[in-house]
Amino acid sequence: MEIKCTSSRRSLDNLSSALFLGVILCTALATLDWLRLLPAALAGVILPLLPRTGHRRVQYVLWGILAAWLLLRFAPVLDGCRLLANRIFLRSAQMQSYEYDYFEASGGSPVEAVLWLSVLAGSLCALWGNRVSGVLCALHLLAMAYFGVTPGTAWLTALAVAALWSALPGQQRWLHGLLVAVLAAAIALAMTGLLPEPNEAVSSLDDHLRDVLAAAPVHREQTPVPTQVPEPEIVPPPRTQREQPDHGVREAMRSILFFLLSALALALLFIPAVIKDRAEKKRALARAGFDDPDHAAAIRAMYLYARRWRALGAEDREIPPEVYAIWQEAAYSGHTMTRAQREAMHAYMKQTAQQVWQEADRKKRLAIRYRVCL
């Protein structure tokens, strides 16, 4: 066992925010089937990657540029937003039996509106991080659910991976992110194979909810034309009927299997990560004074840390007299402690921890690592 003094830092927060925002923007354009606007949409993704030095000054300048841009180019930006809204209406009308009232737009391309919105989202992410991306992701999911338009499975899987990766703890984020990507891809492939066609029950519920939420729903039905038909010949039913398969039960079981697999994947990813992150924080707190430039403070911290290890041992070992004398001098006197005394206390602490660790069984080692957090 090796004792290391490390500090837990979330050094990839900027990259996580930029990646999450970029995937959200790409998924939104894939939903609109306007991937040709990606260069303009990804312009704001670089803003969360900017260094934190002079961050507030850069933010003020950026907000001024956005405000001036909106004042000078209000009509083209508003027109582009109308084009984006008309596009989602058109895509929804193609997928569902709904009609929409389209906005009047004179422009032919929403590039300027997409660019302005991208810079706005990037500046907000640079200021508040993944909280802004989470809100944008939730709004995008609500829009997909309401309008009934979704991108491909690959884009949805990428969005799920980016969202889960941004929520992971800072320790070993790359490893956990790889596991998230593998499990999300496996679940997507499994569900695509199990449910290649839309679920009729889910589709009917979706239509019903949209009818309830719609302000003025319009349904187009054909007027029935009465026709004369001959009376059907009465045929006696057969004595035996073959039992038809119950497709409703099968679809329900597949849906239950999907939710169970998703819950299991989330549990396998997040519960160990949260436990490990909590243990790392408590371990860093227990070793907080080891790097103190004051030798006396470091000696006191090491002695108290070694005493916690001694309490976990199978037998009570006697403290060496020279070590106890160093502790007494560091704790109850104002003498200046030397580096040699500090190194002696560090050697005693390391030896005590190694002895207790080697004598402990598997159960006690798990308790030391994740409950006591030494």
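The values are calculated or read from the model by the stated rules, or taken from the named source; none is laboratory data. Fair warning: this is a prediction, and the values are worked out from it, not measured in the lab. Quick reminder, even Gly has a Cβ in these numbers, built from the backbone with ideal geometry, and neighbours come from all protein chains shown. Only protein heavy atoms, including side chains, enter the accessible area calculation; ligands, DNA and RNA are left aside. Shrake-Rupley method; radii C 1.70, N 1.55, O 1.52, S 1.80 Å.
Could you state the accessible area per residue of region 35-122 in Å², with a 1.4 Å probe and every protein chain left in place? Provide the component values of the computation, followed by the final result.
Values: 5370 Å² over 88 residues.
Solvent-accessible surface per residue comes out at 61 Å².
Once label points are set 7 Å from the Cα along Cα→Cβ at both GLN358 and VAL61, what is their separation, rounded to one decimal in nm?
6.0 nm
State the percentage of accessible surface on region 276-332 attributable to carbon and sulfur atoms; use a 1.4 Å probe and exclude ligands, DNA and RNA. Write down the numbers at each step before the final one.
Numbers: 1700 of 3270 Å².
Percent of accessible area from carbon and sulfur atoms in region 276-332: 52.
Can you tell me which lysines have their Cα less than 19 Å from the Cα of LYS350? Leave out same-chain residues fewer than eight positions away.
LYS4, LYS282, LYS364
What accessible area per residue comes out for region 284-364, rounded to a whole number of Å², with a 1.4 Å probe?
Working: 4960 Å² over 81 residues.
With all protein chains present, region 284-364 gives 61 Å² per residue.
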